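Note sheet for the following structure.
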Amino acid sequence: MALLRRIARPMLASMFLSGGWSTLRNPAAVADTAAPVAMPIAERIKGLPKDPEQLVRINGAVQVGAGVLLALGRAPRPAALLLAGTLVPTTLAAHPYWTVEDPAERARQRIHFFKNLSMLGGLLIAAADTHGKPSLAYRTRSGTRHATASVADHAHRAAAVTENAAGSVRDRLRVGA
């Protein structure tokens, strides 16, 4: 499975590296297309610039950075989540097939929309991939159960020792009386 991850991650990242790099080099080419989706996001999130060209440049930079991390297998789960986060607005802005009148263009945009939706699914799988190791949630639950059982075992042993000691003291008191 490790070999499969080493091959699959760069393949999944390749689209983001290519698209992100293209956007970084020429943000003006996609700024107008992105504006209807990017501007409402920028208005809701403090700190984001209100310029569509800067927003697509940031999106491209995130795609390149997270794409490199995913391709190299460095922090692949957060990288996949970042890429998924950039893919949603990119897809909505670039492939709104439901607004296209021409049947041929609508079909083309629908294909691209669902291709991106498929990539989103792959990214979500990559984000959940624990490399065959138990997840953090599982390890936490398991550790909690183990700790609880250990404490209960120690408490039962302490109770038994206390009960034996009390019995011994009681027996000595009866003998001495």
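Of all the residues in the range 24-64, those that are in a helix (DSSP H, G or I) and free of Cβ contacts under 8 Å to residues at least 12 places away in the same chain number 6.
For the range 22-73, a residue qualifies if it is loosely packed, with under 15 Cβ neighbours inside 10 Å, modelled with pLDDT of 95 or more and either of a type in the set (K, R) or in contact with a Cys (Cβ under 9 Å, 6 or more places away or on another chain) (or both), and exactly one does: R25.
Taking R106, is it touching a Phe, Trp or Tyr at 6+ places or on another chain (Cβ under 7 Å) and either open to solvent by 40 Å² or more (accessible area, probe 1.4 Å) or aromatic (F, W, Y) (or both)? Yes; evaluated as a whole, the condition is true for this residue.
Taking residues in the range 132-153 that are under 15 Å from R77 (Cβ atoms), and partners anywhere that are open to solvent by 60 Å² or more (accessible area, probe 1.4 Å) and part of a loop (DSSP other than H, G, I, E, B), the pairs with Cβ atoms closer than 7 Å and at least 6 places apart or on different chains are G132/M1.
The values are calculated or read from the model by the stated rules, or taken from the named source; none is laboratory data. Nothing here was measured: the structure is a model prediction, and the numbers come from that model. Because the Cβ atoms are built from the backbone with ideal geometry, glycine has one as well, and the counts that use them run over all protein chains shown. Surface accessibility is based on the protein's heavy atoms, side chains included, excluding ligands, DNA and RNA. Shrake-Rupley method; radii C 1.70, N 1.55, O 1.52, S 1.80 Å.
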